[in-house]
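Asker: Sharing a structure, written as structure tokens. Questions coming.
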Amino acid sequence: MPTEKNESLAAIAATLARIEQQLGQHFSHPSAQSLASGHCWRWQVTSFGGKLIPLPTPTTVALHDLIGLEENIAIIDKNTRQFIAGCEANHALLTGGRGCGKSTLIRGLFSKYQRRGLRLIETDAAGLAQLSMLQPLLAGREEKYILYCDDLSFRESDQLFNRIKSAMDGALTSASNMLIYATSNRRNLVAEKYSDNLSPLTASEDDIQPLETLDEKIALSDRFGIWLSFYAPDAEHYDHIVRHWLAHFKIKPTDVLIQQARNFADQRGSRNGRIARQFAVLQIKR
């Protein structure tokens, strides 16, 4: 009998150990030492909330390599410097076509200011909705944290939309060391319909308050004090970017190469800084 009892207790202990290990994977939080030494993290949603996962420092492009974006760079750089200095700063929404420098600009800012205490936390829409859980982990720390959300957008029925609106007005109102920089292909963040362009009085027969519905669609965008638009370059601007990247890799930017770069962009169906750099990389001789 004692043997059976001991075996039962051992089985219970083993089960509890497995449960503790599983819960630990969901609730484990970085120590103060790891937060101080780490520079880049991912806020990942779990079944029980969320956790911070350390990431290697991302590869970045220097800000001066973002040709034609000087005005946008100046605006968000000033905002970031204010944030690092402990002054008031705005959340920023960067919108525009793919490959035009939105994400690269944010990573470039992180690279520029990480030695001054700037840290980067990548997340997604689900993670932004849980800001109230992230804030206590970072509260009181000297480092400044940019919450970076790439490609933020929603369908009209997405419940995360309202949760993030509340989180940005609630969880971050007293968080002086947290700021959101998000990128999106949509300025209003919510998928739009043709009926949205009609008169609000005739847009929908079922909508009693159409003006309020339209206001609701742009309500989250209004939480961002800085809106920056990024546009695909015209042909002349694209040529200038190609010449820059060819020179960057110590390749002479001949007329033949410029024409090849234009053909390369035509094949890809778009002109942007990413494609210009990709073409230049293909010309490197080893």
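Asker: Could you give the length gained by full extension between Lys285 and Lys252, i.e. 0.36 nm per residue of separation minus their alpha carbon distance, to one decimal place?
Answerer: Numbers: separation 33, 0.36 × 33 = 11.88 nm, distance 1.21 nm.
Full-extension gain reported as 10.7 nm.
Asker: Sorted by accessible area with a 1.4 angstrom probe, largest first, how do Ser270, Ser37, Ser184 fall? Mind showing how you got there, number by number?
Answerer: Numbers: Ser270 25, Ser37 80, Ser184 0 Å².
Sorted by accessible area, descending: Ser37, Ser270, Ser184.
Asker: Can you tell me the order of 237-243, 57-63 when each peptide is scored by its average per-residue count of other Cβ atoms within 10 angstrom, highest first?
Answerer: Sorting 237-243, 57-63 by mean packing, highest first, produces 237-243, 57-63.
Asker: Between Glu88 and Tyr231, with labels modelled 7 Å along Cα→Cβ, what's the label distance in nm to one decimal, could you check?
Answerer: Roughly 3.1 nm, to one decimal.
Asker: Stretched out fully, how many nm does the piece from Ala36 to Ser176 gain, at 0.36 nm a residue minus the Cα gap?
Answerer: Difference between extended and current length: 48.7 nm.
Asker: Moving to a separate point now. Per-residue HN-Hα couplings for the range 136-152, Karplus 6.51 cos²θ - 1.76 cosθ + 1.60 at θ = phi - 60°, whole Hz, x for Gly and Pro?
Answerer: My calculation for the range 136-152 gives x, 5, 10, 4, x, 7, 6, 5, 10, 10, 8, 8, 9, 10, 8, 6, 7 Hz in order.
Asker: Calculate, in nm to one decimal, what Ile53 and Arg115 gain on full extension: separation in residues at 0.36 nm each, minus their alpha carbon distance.
Answerer: That pair, Ile53 and Arg115, stretches by 20.3 nm at full extension.
Asker: Could you please report the charge total around Cys100, scoring K, R as +1 and D, E as -1 over all other residues with beta-carbon less than 11 angstrom from its beta-carbon?
Answerer: Residues close to Cys100 contribute a combined charge of +4.
Asker: With the Cα gyration tensor of the range 62-135 giving a ≥ b ≥ c as the square roots of its eigenvalues, does the rule (a/c under 1.5 for rounded; else a/b larger than b/c for prolate; else oblate) give rounded, prolate or oblate?
Answerer: Taking the square roots of the gyration eigenvalues as a ≥ b ≥ c, the range 62-135 is oblate.
Asker: Taking H placed 1.01 Å from N in the peptide plane, check which residues at least 5 places from Met178 or on another chain put their amide H under 5 Å from its amide H.
Answerer: Tyr145
The values are calculated or read from the model by the stated rules, or taken from the named source; none is laboratory data. Not measured: the values here are computed from a predicted model. Every residue, glycine among them, receives a Cβ derived from its backbone with ideal geometry; neighbour counts consider all protein chains shown. For the accessible areas, the whole protein counts, side chains as well, though only heavy atoms, and no ligand, DNA or RNA atoms are used. Shrake-Rupley method; radii C 1.70, N 1.55, O 1.52, S 1.80 Å.
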